[in-house]
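Data first, discussion second: the structure below is written as structure tokens.
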Amino acid sequence: MTFRKLTLAVGLASILGTGLNAEIIDRTLAVVEGSIITQSDVLAAIRLGLVPRGRAADPIGEALERLIERRLTLAEVDRYVPPNPPESAIDSRIASVRAAAGAADFDRLLALYGLTMEQIRRHVRDDLRITAYLRQRFGADILPSEEQILEHYRQHPELFSGAGGVRPFDEVHDDVRAALVAEQQALVIREWLAGLRQRADVAVLYAPATR
């Protein structure tokens, strides 16, 4: 398939995997294993807070990368079919998303991008499934030594400081260990995602606007 021809797509393939009621002309920014990610997908994800808010000079490009990674990760999650998260956890996350956007803006953005609450619910459910999968797969085997924990404390005193300065190591030991585990886990996940990306059929059609 020649992905260069996919510069425009008729009908918005939503970030949640289903189409919209209204048909519009929308730019295709990437194709992941045959699944299209459009410009509206990316904008909706940014404006609804469905992707982490970074500080990149190109927020669209950054959000597009997160959506590509999400689709690759979700394909792996679906292979193992982990249990769905509790409905209460989904409700809580949706409430946080709505509160962050503001209730009125949240409803307006849903209407603007033709999204339904069921689609948002499915997206949030999958996010929670991804989080549980990554924690289970990459968290259990990360066991830093006491020397590594102490070294992390010494290298990052700003992370463990209070009004009175750097807190004693014994007082923040568990916090330091948790921070180190999270850092090491993030590194392992980045390497794993890079491997997924290399093996996958991904075509990125997006190019940042030049000034």
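The values are calculated or read from the model by the stated rules, or taken from the named source; none is laboratory data. Please read all numbers here as calculations on a predicted model, not as lab measurements. Heads up, the Cβs are rebuilt from the backbone with ideal geometry, glycines too, and the neighbour counts pull from every protein chain shown.
Of note:
- Annotation: of all residues in region 39-94 being assigned to a loop (DSSP other than H, G, I, E, B) and charged (D, E, K, R), the one that is nearest to the chain's Cα centre (by Cα) is R53.
- Per-region count, region 148-197, residues more than 28 Å from the chain's Cα centre (by Cα), of a type in the set (A, V, I, L, M, F, W, C) and loosely packed, with under 13 Cβ neighbours inside 10 Å: 1
- Look at region 102-130: where a residue is under 20 Å from R71 (Cα atoms) and outside any helix (DSSP H, G or I) and a partner is of a type outside the set (A, V, I, L, M) and at pLDDT below 95, sitting 6+ places away or on another chain with Cβ atoms under 7 Å, you get L115/S14.
- Scoring P83 on the criteria (1) surrounded by 15 or more Cβ atoms within 10 Å (Cβ to Cβ); (2) modelled with pLDDT under 95 leaves a single failure, condition (1).
- Meets criteria (touching a Lys or Arg at 6+ places or on another chain (Cβ under 6 Å) and in a helix (DSSP H, G or I)) for V97: no
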